[in-house]
Amino acid sequence: MCAMRAGCVMEQMGMVAVGGKPPLKLNHRHEGLMNWLVMNPHRTLGEAARELNYTRAWISTVINSDLFQAEYKARCAMMGEIAAFSITERLGKLADITLERVEQRLDSPEASDAFLVSTMNSTLDRLGFTPKAAKGAQEGGFVQNNTIIVTGDSLAQARERAAQVHSKVLELSAEPMKVVGEED
C-alpha cells in the first residue's frame, strides 16, 4: 500500500514530507524547528533536516513563510539572538561574500580589463549613474506619432484668432468676470 504513495521512502525512513504550501498557523513541529534554529544559528538547514527528520524542502517552505519569520524574529529578539535564518540576513551574507571576492579579484594583477569594465558598469548602474533609455523604449511601450496636415489659410486664421483672444484685457472684480470691450 505504501509503495503507491509519493514520499513513501521518506516515511519509511522516519522523515516527514509535507507539500510546498506555507503554514497557516504554527504547530508543535514548527515550534520545534524554531527552537532548533534559535539554539543552533551557526548550523545549516541540511543539519536541521537530518536531526529533526524533515526534508530540506519542507524546512525551506516553513522558514520562508511570513508567519514563521515574524514569530522567529520575535523569538530571537526575546532570546537576544540575531535572526540568522531570514532571507534578508542570508542575502546580506551573500552580498558580503560576493563583494569580498570581487574586491580580491580587483586587487589581483590577473584582473582582466573586461572584468574591470564590467564591474565598473554594473556598480555605476546599481548606483544610478548610467544613462537610461527613454521610458517608452525601455519598457517596449507603444509609441504613437500623429501627423496633422494644415493649409496655410487655416494656420493664418488660427494665429489671428489666438492673437485676438490673448489681446483682450480681463477686468478683475468681486463680481463675475467680464471681458472689457464686449457688450453685455
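Being more than 30 Å from the chain's Cα centre (by Cα), part of a helix (DSSP H, G or I), of a type outside the set (Asp, Glu) and at pLDDT 85 or above is a description that does not apply to GLY46. Suppose we keep only residues that are of a type in the set (A, V, I, L, M) and exposed (fewer than 15 other Cβ atoms within 10 Å of the Cβ) within the stretch 19-43. Which one would you say is farthest from the chain's Cα centre (by Cα)? Only one residue fits best here, namely MET39.
The values are calculated or read from the model by the stated rules, or taken from the named source; none is laboratory data. This is a predicted model, so every value here is computed, not measured. Every residue, glycine among them, receives a Cβ derived from its backbone with ideal geometry; neighbour counts consider all protein chains shown.
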